[in-house]
Structure formats: structure tokens, C-alpha cells
Amino acid sequence: MSEIRHTRVLIIGSGPAGYTAAVYASRAMLNPILVQGLEPGGQLTTTTEVENWPGDTHVMGPDLMVRMEAHARAMGAEIIQDIITKLDLSNRPFTAQSDSGTVYTADTVILATGARAKWLGLASEEKFKGFGVSACATCDGFFYRGADIVVVGGGNTAVEEALFLTNFASKVTLIHRRDTLRAEKIMQDRLFKHPKVSVLWHHEIEEVVGADNPPGVEAVRARDVRSGAITEIPARGVFIAIGHAPASDLVKDQLELHHGGYVKVKSGSTETSIPGVFAAGDLTDHVYRQAVTSAGMGCMAALDAEEFLAAQEAQGATNALAPAAAE
Ligand code: FAD
Ligand code: NAP
């Protein structure tokens, strides 16, 4: 039989938003339960150095997330390694089913499920995922020592991944579909100065080419978006770094979404379209998508949940008094 656990605050997700919400909800004596999901620590565990977390000039992403988890635990949050597979927001208490079989019932839910890597959507990309095609340089870069590598994208992630991969690769080619990068100027500067990096502007990958047996990438065919001309670039590794999409599958049919799947929250708050359900971090944010903004929203979500619970309790107390007053 599955175990049923009740909590006043269920936090789903263990990135900066989830852990910060856990710190604040614990300090409000709400005894939150946080379910970590498939990626404990979230997206920052897939990167190396973080240079814009206030208070740390340099901190390794995975180390920062270990510290955040320890902080949340020290404040009293219960942190559980599990995945929420189904969430029912139609009645209070809300119900969440998990991969392990435990069912959580919750007076409030804080959604902090963040975002997941986007893919190009090519059949050849799918075919070689895990055999030369990756979306995580920190996870897989080591396998490409001395190899030629291609990185696709023009944002901070692509530039960071390209620079990180120079630690292993003999050559890194960054392929971007336009002629300007979105990445921060300081990162662009490092990229353009790096002797192992070249940039192929105005190109998109048309096909990942490789061997079947054993499976492995050998090259990419890139198309000039202006002329249609094809260039074949030898590469053993192809890193797709074209951004992330919000992880809103659990709630996509229950909550109001906008901007292609981000959970919509009330301006200046973390309230979603269902009272008692709050959302924070990259799941709600198509603009900033930073660790520090996610943490800030995690704080707001816990404070919003606390206020909601207090209002519910005050309402409950008033209702309880009403019949007595009538007698
Ligand atoms: P995420 O970090 O995305 O965490 C989401 C969490 O939700 C994960 O723990 C996941 O396991 C969990 N989850 C998802 N679905 C479920 C489920 N069904 N059940 C339970 N749990 C679930 N930002 C910076 O400020 N500085 C940087 O230097 C920086 N570098 C980056 C480098 C890379 C390679 C990437 C990809 C991003 C980087 N970012 C950086 C952006 C930053 O990582 C994100 O803005 C931030 O992690 C978002 O935090 P979050 O808490 O909203 O979600
Ligand atoms: P992003 O900023 O959305 O950039 C995605 C890039 O991929 C864009 O250059 C885009 O091209 C390109 N792209 C998108 N779809 C494509 C497709 N189908 N084919 C080819 N190219 C495609 O995503 P991100 O770089 O992952 O960054 C996400 C967020 O995390 C940002 O807010 C970023 O600042 C943050 N982040 C911060 C740091 C840091 O602070 N050091 C590090 C990593 C990430 P166009 O430019 O043409 O649209």
C-alpha cells in the first residue's frame, strides 16, 4: 500500500528557487517537504564556475547547490529524493503522486520545477543522443579529449559550454544561426580570444552524420541560412545549447500558462491561477532566468504560502466562532 504524507507546504523542485523556498518556509515553522526530482540541485549542477552569485566571486555550480541543500536541511526542511509524477490541483488539500508510490497531500504547493534543455528536433540528433550528441558539457565533455567538437547556440549557455569544452577538445566550432550572440559581453570577449575556438555565423545544423556500428558522431552538415550552401564540419561531439523550456508538464492542463509554457503568476507575486498554488524560478520566468532571480522568487513563494495559510487559519477560526456566536 502506498504511504500518504500530509504537509502544509509541498515544494516541488530542488534548484535555487526550491531550496530558497524551503529555507524560508522552514523558518516560518511550516515544516515543508521538498521533493528533489530527477536533477537534485537543478540546472546549476550541469555547469562549472558561477561568477554572478552574490557573495562568491567564483563558485562551482554543483558546490553551490550542495550548500543550498545543506542550508535548507539545517533550517528543518525535509528533503526527499523522489519525482512527482502527477499533481491534482482541483481540490484542497492538493494531491501529488510520486515515483516511489508515496502520495503527498498539501495545503499549499510551491512549484519550482525550473526548465529543461531544448533540442533541435532532428531525427539524426535523436539517433546520436548519448553517442556524441549531448546537452551538457560538464557531464560529457570529458569523453571528447583531443576531439573536434561543435557547439550550437548563441546564448550564455552555448558560450560557456564552448569555453569549457576547450579544456578537452582540440578544436571547438560554435555554430550560430545569426551574426550576433546573446551571451554577456565578457563571455563573448573570452570566446573570441580563445585560440581553440572558431565561430560559424549564419548557419544551422541540418544533419548529424555518423557511424551505426558502433554508433558515433563523425561530422555535422551545416546549412548557410542565407544561401542554403552546405558545409560539412568534422566533429566527434555535438553539444546543443539552444536554451531551455519550462518544465510545466505537471500543471499544463491545470494552471494558466503563457509565453510558450511558462506558469503565469500575478504581477509582483508568485500566486498562480489556483489559490494556494505558487510558482517560482525559471518555471515562471521567460525573461531573467538566473540563479539569483530564481532564489528571490523562491523566497517570495514561501512568504506568499505563509500568508495564504495564515489567512486560511484566520478564516477557519472565524467560521468556527460563528455558530457559537449565534447560540
Ligand atoms: P532549476 O535549477 O531548473 O531546478 C528545477 C528542479 O526541479 C530540479 O531540481 C528538478 O529535479 C526539479 N523537478 C523538475 N520536475 C520535477 C518533478 N516532476 N518532481 C520533482 N522535482 C522536479 N544562472 C546564473 O545566475 N549564473 C550562471 O552562471 C548560470 N549558469 C548556467 C549554466 C548552465 C549550463 C545552465 C543550463 C543554466 C545556468 N544558469 C545560470 C541559469 C540557472 O541555472 C537557472 O536560472 C536556475 O537554476 C533556475 O533555478 P530553478 O530553481 O528555477 O530551477
Ligand atoms: P538563450 O539565452 O535563450 O539562448 C538560446 C540561443 O540558442 C540563442 O542564441 C538562440 O538563437 C539559439 N537557438 C534557439 N533555438 C535554436 C534553434 N532551433 N536552432 C539554432 N539556434 C537556436 O538560452 P541559454 O543560453 O540557455 O540561457 C538561458 C538563460 O540562462 C539566460 O537567461 C541566460 O542568461 C542564463 N544563463 C546565464 C549564465 C550566466 O550568467 N553566466 C550562463 C548560462 C545561462 P537566437 O539568438 O537567434 O535567438
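The values are calculated or read from the model by the stated rules, or taken from the named source; none is laboratory data. Keep in mind it's a predicted model, so treat the numbers as computed, not measured. Ideal geometry is used to build each Cβ from the backbone, glycine not excepted, and the neighbour counts take in all protein chains shown.
Here is how the numbers come out for the structure above:
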read-out: Selection count where residues are free of Cβ contacts under 8 Å to residues at least 40 places away in the same chain and either touching a Cys at 6+ places or on another chain (Cβ under 6 Å) or within 23 Å of Ala245 (Cα to Cα) (or both), scope region 164-197; value: 9
read-out: Number of the condition not met by Val66 [criteria: (1) touching a strand residue (DSSP E or B) at 6+ places or on another chain (Cβ under 6 Å); (2) of a type in the set (A, V, I, L, M); (3) closer than 15 Å to Ser14 by Cα]; value: (1)
read-out: Among the residues listed as Ala291, Ala302, the single one being within 23 Å of Ala96 (Cβ to Cβ) and either of a type in the set (Gly, Ala, Ser) or modelled with pLDDT of 95 or more (or both); value: Ala302
read-out: Residues located in region 266-325, provided they are free of Cβ contacts under 8 Å to residues at least 40 places away in the same chain, within 24 Å of Gln43 (Cα to Cα) and in a helix (DSSP H, G or I); value: Thr293, Met300
read-out: Filter result for the condition that a residue is surrounded by fewer than 16 Cβ atoms within 10 Å (Cβ to Cβ) and over 21 Å from the mean Cα position of the chain (by Cα), over Asp99, Asp88, Asp107; value: Asp88
read-out: Filtered residue count, region 201-219, keeping only those that are within 12 Å of ligand 2 (Cβ to nearest atom) and either under 24 Å from Lys127 (Cα atoms) or of a type in the set (Lys, Arg) (or both); value: 4
read-out: Residue count for region 275-299, restricted to those that are away from ligand 2 (no atom under 16 Å from the Cβ) and crowded, with 17+ Cβ neighbours inside 10 Å; value: 6
read-out: Condition check for Val225: within 13 Å of ligand 2 (Cβ to nearest atom), surrounded by fewer than 14 Cβ atoms within 10 Å (Cβ to Cβ) and without any contact (Cβ under 8 Å) to a residue 24 or more places away in the chain; value: no
read-out: Elements of type strands (runs of 3 or more DSSP E) in region 80-180, at least 3 residues being within 16 Å of ligand 2 (Cβ to nearest atom) and within 30 Å of Met300 (Cα to Cα); value: 115-117
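Table: residues versus (1) touching a strand residue (DSSP E or B) at 6+ places or on another chain (Cβ under 7 Å); (2) closer than 25 Å to Arg182 by Cβ; (3) outside the structural domain of Ala169 (by TED's automatic domain parsing); (4) not basic (Lys, Arg).
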| residue | (1), (2), (3), (4) |
| --- | --- |
| Gly210 | yes, no, no, yes |
| Pro214 | no, no, no, yes |
| Val220 | yes, yes, no, yes |
| Arg236 | yes, no, no, no |
| Lys266 | no, no, yes, no |
| Ile274 | no, no, yes, yes |
